[in-house]
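**Student:** Handing you a structure now.
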Amino acid sequence: MRICIYGAGAVGGLIAARLAQAGREVSIVARGPNAAALRAEGLRFRADPRAEPVTLRVPVFDRGAEVGPQDLVVVAAKAQALPAMAADLAAALAPGGAALFAVNGVPWWYLHGLPGVGGDARIRSVDPRGELAAQVGAARTIGAAVFLAAERDAPGCVTQHAPARLVIGAAGAGLAARIEDVVAALDVPGCRVEASERIRDHVALKFSGNVATNPLCALVRAPIGRVYADPAMAAFGAAAMREAVAVAEALGARVDLDVAARVAQYREGPLAPFRTSTLLDVDFGRPLEIDALVGAIAELGRRAGVATPAIDLTYAMVRTLAEQLGLHVSP
């Protein structure tokens, strides 16, 4: 299976490195300083923060249209950048190929095919003009819930902080029969992959846990454990999580999230010292992924008739932060 990783930040870089180590046929689409570093020095990968980096040589391209027809394109770019990339993503797909979206927050395809949605399945916070739906389409899309802790330390250099796990499933009916082949291709040591016929349940579990955690860490410039050690912030984060679960369940998902246990895990577990992706984006002056992480859940809440006051306030605060720093780029 010919596999292309489209976007080689922390998530894409980790997946590319693990696939390359396992001998898979993999290439990367990247741009700017990251692409330059990958070409000049290779993909430098630490399997954990204490490990020495290994250097992996992986073909690097500037555009999907240059890669050649791919059986699977793993999309790991930031959500706000995806609509502008839609045509180039489609150009990388072979006939019968699939795009697997390994992105944070609410994915553009989340409402496609859901009962009762009707003809308007667009989520304007993440695909405002429908480019992804038109160019890629749900019938060629595999959804993913990505559970990992990794960091891009510098251009071309990625460190894995914890074992990685992906749950994948067809966004529409077209790819259901091929999911097991994709699992077999992607499931490698250090990055476990499993299939689900209810992928939205897993995506909702991920975005419910992230909805306040990522923004709060960015707002107070602190790692996860420090945020949830404060009783007031922990209570606020828990309220936002419960709202996100209510939104997802109103739209038909089953979300197995014990909010109290999750708060305790964030406060004291292995992720406590971790600096979230939104905080790292603030640190490095990169555009913030707030529309997919927060704004889209508020949008789905309005659509489902579920009140989301904690999420609305979170979105207002982190959007203001992003605008003040010049880091808010709408899709």
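The values are calculated or read from the model by the stated rules, or taken from the named source; none is laboratory data. Since this is a predicted model, take the numbers as computed values, not measurements. All Cβ positions, even for glycine, are placed from backbone atoms using ideal geometry, and neighbour counts span all protein chains on display.
**Student:** Could you tell me which numbered condition T213 fails, if it satisfies all but one of (1) assigned by TED's automatic domain parsing to the domain that holds V11; (2) under 18 Å from the mean Cα position of the chain (by Cα); (3) β-branched (V, I, T)?
**Tutor:** Result: T213 passes all but (1).
**Student:** Of all the residues that make up segment 128-143, how many are in contact with a strand residue (DSSP E or B) (Cβ under 6 Å, 6 or more places away or on another chain) and either surrounded by fewer than 20 Cβ atoms within 10 Å (Cβ to Cβ) or closer than 18 Å to I297 by Cβ (or both)?
**Tutor:** Residues that pass the stated criteria total 1.
**Student:** Among strands (runs of 3 or more DSSP E) lying entirely in segment 1-112, which contain 3 or more residues that are under 22 Å from E131 (Cβ atoms) and in contact (Cβ under 8 Å) with a residue 12 or more places away in the chain?
**Tutor:** Answer list for segment 1-112: 3-6, 70-75, 93-101.
**Student:** One residue is enough: does segment 227-241 have a residue meeting the conditions in contact with a helix residue (DSSP H, G or I) (Cβ under 8 Å, 6 or more places away or on another chain) and charged (D, E, K, R)?
**Tutor:** No: zero hits.
**Student:** Report yes if some residue within segment 187-199 is more than 23 Å from R2 (Cβ to Cβ), among the basic types (K, R) and surrounded by 19 or more Cβ atoms within 10 Å (Cβ to Cβ); otherwise report no.
**Tutor:** The answer is no, given that none of the residues of segment 187-199 is more than 23 Å from R2 (Cβ to Cβ), among the basic types (K, R) and surrounded by 19 or more Cβ atoms within 10 Å (Cβ to Cβ).
**Student:** Related question: Take the residues of segment 95-122 that are more than 30 Å from P273 (Cα to Cα) and of a type in the set (A, V, I, L, M, F, W, C): which is nearest to the chain's Cα centre (by Cα)?
**Tutor:** W108
**Student:** Conditions first: (1) at pLDDT 95 or above; (2) under 23 Å from A195 (Cβ atoms); (3) among the hydrophobic types (A, V, I, L, M, F, W, C). L114 passes all but one, so which condition is the exception?
**Tutor:** It fails just one condition, (1).
**Student:** Give A86, A77, A92, A81 a once-over and let me know the one that is under 30 Å from P270 (Cα atoms), under 21 Å from the mean Cα position of the chain (by Cα) and in the same structural domain as L175 (by TED's automatic domain parsing).
**Tutor:** A77
**Student:** Answer yes or no as to whether G119 is free of Cβ contacts under 8 Å to residues at least 60 places away in the same chain, of a type outside the set (S, T, Y), part of a strand (DSSP E or B) and over 23 Å from R262 (Cα atoms).
**Tutor:** no
**Student:** Further, regarding this structure: Identify, by number, the condition in (1) buried (at least 24 other Cβ atoms within 10 Å of the Cβ); (2) in a loop (DSSP other than H, G, I, E, B); (3) under 13 Å from the mean Cα position of the chain (by Cα) that S125 doesn't meet.
**Tutor:** (3)
**Student:** Determine which single condition P115 fails, assuming it passes every other condition in (1) surrounded by 19 or more Cβ atoms within 10 Å (Cβ to Cβ); (2) closer than 16 Å to A171 by Cα.
**Tutor:** All conditions are met except number (1).
**Student:** Another question about this same structure. Would you confirm whether or not segment 269-282 contains a residue that is of a type in the set (S, T, N, Q), in a helix (DSSP H, G or I) and within 21 Å of the chain's Cα centre (by Cα)?
**Tutor:** Yes: segment 269-282 contains one or more residues that are of a type in the set (S, T, N, Q), in a helix (DSSP H, G or I) and within 21 Å of the chain's Cα centre (by Cα).
**Student:** Now, a different point. Just checking, how many residues over segment 243-267 are surrounded by fewer than 17 Cβ atoms within 10 Å (Cβ to Cβ) and among the basic types (K, R)?
**Tutor:** Residues meeting the conditions: 1.
**Student:** Sticking with this one: Test A102 against the criterion of being crowded, with 19+ Cβ neighbours inside 10 Å, modelled with pLDDT under 95 and of a type in the set (A, V, I, L, M, F, W, C), and give yes or no.
**Tutor:** no
Rundown of residues vs (1) of a type outside the set (V, I, T); (2) modelled with pLDDT of 95 or more, yes/no style:
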| site | (1), (2) |
| --- | --- |
| A8 | yes, no |
| L19 | yes, yes |
| R44 | yes, yes |
| V60 | no, yes |
| R63 | yes, yes |
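**Student:** For A212, all conditions in the list (1) within 15 Å of N104 (Cα to Cα); (2) touching a Pro at 6+ places or on another chain (Cβ under 6 Å) hold save one; what is the number of the exception?
**Tutor:** Answer for A212: the failing condition is (2).
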